[in-house]
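Contents: one structure, followed by commentary.
The values are calculated or read from the model by the stated rules, or taken from the named source; none is laboratory data. Note that the structure is a prediction, hence the values are computed from the model and not measured. Cβ atoms come from the backbone with ideal geometry, glycine included; neighbour counts cover every protein chain shown. Quick note on the areas: whole protein, heavy atoms, side chains included, nothing else; ligands and nucleic acids left out. Shrake-Rupley method; radii C 1.70, N 1.55, O 1.52, S 1.80 Å.
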Amino acid sequence: MHVPTLILLNIALGTVVSLTLAFAARRYRELYIWAGAMAMYGLGYTLLGLRGQISDALSIVGGNTGLALTMALLGEGIYRFQKRSAPRLRLWLPVALTVACFAWFIDDMEQRLILGGSLVVVQLAILLVPLLEQRRTTIGHGQYVIMLGLAAALVGMCTRIVHVLNGHVPDSLFSQSLAYSLVFFGSLLAMLMIAAGVILMAQERTHEELLTSERQYRRLIESAHEGICILNEGRCSFANQRLAELLGNSVEDLLGVEFIDLVYPDDRPLALARYVAHQYASTDREAFDIRLVTGHAGPLWFRVSGMPIQWHGRPATLAFLSQIHKRKLMEEHVRQLAFHDELTTLPNRRLLLERLQQAIALNRGSGQHVGLLFIDLDRFKSLNDQHGHHAGDQLLTEVARRLRLQVRDSDTVARLGGDEFVVLLQSLHADPGLARAHACEIGRKILQALNTPYRLVGNAGDGPDLIHRCSGSVGIHVSNDPDASVDELLDQADTAMYLAKQAGRGQIRFADQGGPSPAGRQENAGEISPGSP
């Protein structure tokens, strides 16, 4: 074996492994120590390889000191990796002795080989001690690879000492004897195993820390009060027990299920849009509310939030789900109270004005008209006075039902209070005459529907049913003025209703009209007669 080539290989090994460990040392700081050890190894062989080109003191003393520093730094790294205090005197005393020994016997190669080799044997034995002590508590097989490398170096160094003691002293560092060549080759193999073991130990610890972290997160997730799942390409890859309870399923049933299949059909477009946003747009992390179909209670409201993660090396979404069904129903009830009449469930004045504003904005530029029909029931107060609010409430509820039947789904029927109702007609014809005619036709249909007799249940169900006839007065205002305020439009319709009231029961009037309407007058409106149950 060519000794200079073996020396170059040792230099290359030390340099490459040192750079590799330094690059990977961001996670474990002890890797910096091991990187320094391998750098010292490469430096030591570099100085030894320059024998004859630099001073003997620098080559002999410096080179062997570099190798001694390698052993000491390897020991520091091992103790640091085991999270134990290093015995500094035991580790670093051989380094000082190496400097003294090689400086003193700089001209005596036999003594250098014997004493220097003995110090290396001591250092190798010192390195084996912590590995053997902690072999049962250190995870993985990297420690055994290091021990194998140290044992091989120990055997090789002892063999060299015995060889020298038997009188086989090489003439120079570059002597081509087989035994001497085997020393350098054994050193190369031993250090290669030590380097491989160090890297393997770091990898095994990383893997164990990841497993430990995953176990901790699993315990945390399993104990969470929220439902938690991980979605890979829309499929559930993980679900905690709480989510299974919320959805009325088992964890096993949820795994592999397309999440979108759990979403109520009406909410699927929103769920798909938010899933894409959470997966690819790191700025969209807002929670949203959707209904999920549960196995025990049908569709229930959930608040869903998510964030992109890596799951087993693949992009995924970590989703958090909280059941908010009761709160959602309460919010809907509050909204119902805020925007709807409690008795008839019709939109109230607030919601009517909001929709009227939207209708004006929608028609802006198209020239289309909006129509307002202001309806007041005739002699409603007398019904309440004679038969109580129970009868009056029944009448108002039935009037609301009949009004809804006379208009399109896009139109709005609202109750302003008492016996006053308003119908908002959207997108009437751009021609004023046709728009007025359409509104008037709706008014006639409303009066006809209101004139149909009402059967009212007696108070508390203990009296006879009442057959009641009722009429109404309808005021109409039609406009396509984009600058008109909603209050002005409603006031115009109110004015038209008062004109209809003045003209008599069962009349229709526009705000700019004073004569009787074609609807005619209902002579018997307002009469009440007893009916059979």
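Select from region 135-174 the residues that are polar (S, T, N, Q) and within 21 Å of ALA72 (Cα to Cα) and write down the one among them that is least open to solvent (accessible area, probe 1.4 Å). Steps first, please.
Going residue by residue through region 135-174, those that are polar (S, T, N, Q) are 137-138, 143, 159, 166, 172.
With the extra rule that they be within 21 Å of ALA72 (Cα to Cα), the set shrinks to 138, 143.
Numbers: THR138: 28, GLN143: 3 Å².
Of everything passing the filter in region 135-174, GLN143 is least open to solvent (accessible area, probe 1.4 Å).
Let's see how each residue does on (1) over 17 Å from ARG349 (Cα atoms); (2) in contact with a helix residue (DSSP H, G or I) (Cβ under 9 Å, 6 or more places away or on another chain); (3) not hydroxyl-bearing (Ser, Thr, Tyr):
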| position | (1), (2), (3) |
| --- | --- |
| ALA400 | no, no, yes |
| ARG404 | no, no, yes |
| ALA414 | no, yes, yes |
| PRO482 | yes, yes, yes |
| LEU489 | no, yes, yes |
Q. If the Cβ limit is 6 Å and pairs must be 6+ apart or interchain, which residue in region 48-64 that is over 17 Å from ALA96 (Cα atoms) and hydrophobic (A, V, I, L, M, F, W, C) pairs with which residue that is at pLDDT 90 or above and part of a helix (DSSP H, G or I)?
A. LEU48/GLY63; LEU50/SER59
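Listed here are the residues, each with its yes/no results for (1) modelled with pLDDT of 85 or more; (2) of a type in the set (Val, Ile, Thr); (3) open to solvent by 50 Å² or more (accessible area, probe 1.4 Å); (4) at positive phi.
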residue	(1), (2), (3), (4)
ASN459	no, no, yes, no
ILE476	yes, yes, no, no
LYS501	yes, no, yes, no
GLY504	yes, no, no, yes
**Q.** Evaluation of VAL422 against (1) open to solvent by less than 60 Å² (accessible area, probe 1.4 Å); (2) touching a strand residue (DSSP E or B) at 6+ places or on another chain (Cβ under 9 Å); (3) assigned to a helix (DSSP H, G or I) (one fails), failing number
**A.** (3)
Q. Which condition does TYR454 not pass, out of (1) touching a His at 6+ places or on another chain (Cβ under 6 Å); (2) over 30 Å from GLY388 (Cβ atoms), if it passes all the others?
A. (2)
**Q.** Among the residues listed as LEU329, LEU353, LEU321, the single one being assigned to a helix (DSSP H, G or I) and crowded, with 16+ Cβ neighbours inside 10 Å
**A.** LEU353
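Is it fair to say LEU395 is touching a helix residue (DSSP H, G or I) at 6+ places or on another chain (Cβ under 9 Å) and crowded, with 20+ Cβ neighbours inside 10 Å? Full working, then the answer.
Numbers: touching a helix residue (DSSP H, G or I) at 6+ places or on another chain (Cβ under 9 Å): yes; crowded, with 20+ Cβ neighbours inside 10 Å: yes.
It is true that LEU395 is touching a helix residue (DSSP H, G or I) at 6+ places or on another chain (Cβ under 9 Å) and crowded, with 20+ Cβ neighbours inside 10 Å.
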Q.
Being more than 53 Å from the chain's Cα centre (by Cα), of a type in the set (Asp, Glu) and either farther than 23 Å from ARG469 by Cβ or modelled with pLDDT of 90 or more (or both) is the requirement here; does ASP419 meet it?
A. no
Q.
Within region 95-134, take every residue that is at pLDDT below 90 and among the small types (Gly, Ala, Ser) and give me the one that is surrounded by the most Cβ atoms within 10 Å (Cβ to Cβ).
A. GLY116
Q) Under the condition of being free of Cβ contacts under 8 Å to residues at least 24 places away in the same chain and within 30 Å of GLY75 (Cβ to Cβ), which residue from region 208-239 is nearest to the chain's Cα centre (by Cα)? A) SER213
Q: Give the residues of region 342-364 that are over 12 Å from ALA484 (Cα atoms) and of a type in the set (D, E, K, R), sorted by residue number.
A: GLU342, ARG349, ARG350, GLU354, ARG355
Q. In this structure, does GLY36 turn out to be closer than 23 Å to ARG88 by Cα, without any contact (Cβ under 8 Å) to a residue 40 or more places away in the chain and in contact with a Phe, Trp or Tyr (Cβ under 8 Å, 6 or more places away or on another chain)?
A. no
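Residues checked against (1) of a type in the set (D, E, K, R); (2) open to solvent by less than 50 Å² (accessible area, probe 1.4 Å); (3) over 45 Å from the mean Cα position of the chain (by Cα); (4) within 27 Å of HIS207 (Cα to Cα):
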| site | (1), (2), (3), (4) |
| --- | --- |
| PRO4 | no, yes, yes, no |
| VAL17 | no, yes, no, yes |
| ARG51 | yes, no, yes, no |
| VAL61 | no, yes, yes, no |
| THR70 | no, yes, yes, no |
| ARG88 | yes, no, yes, no |
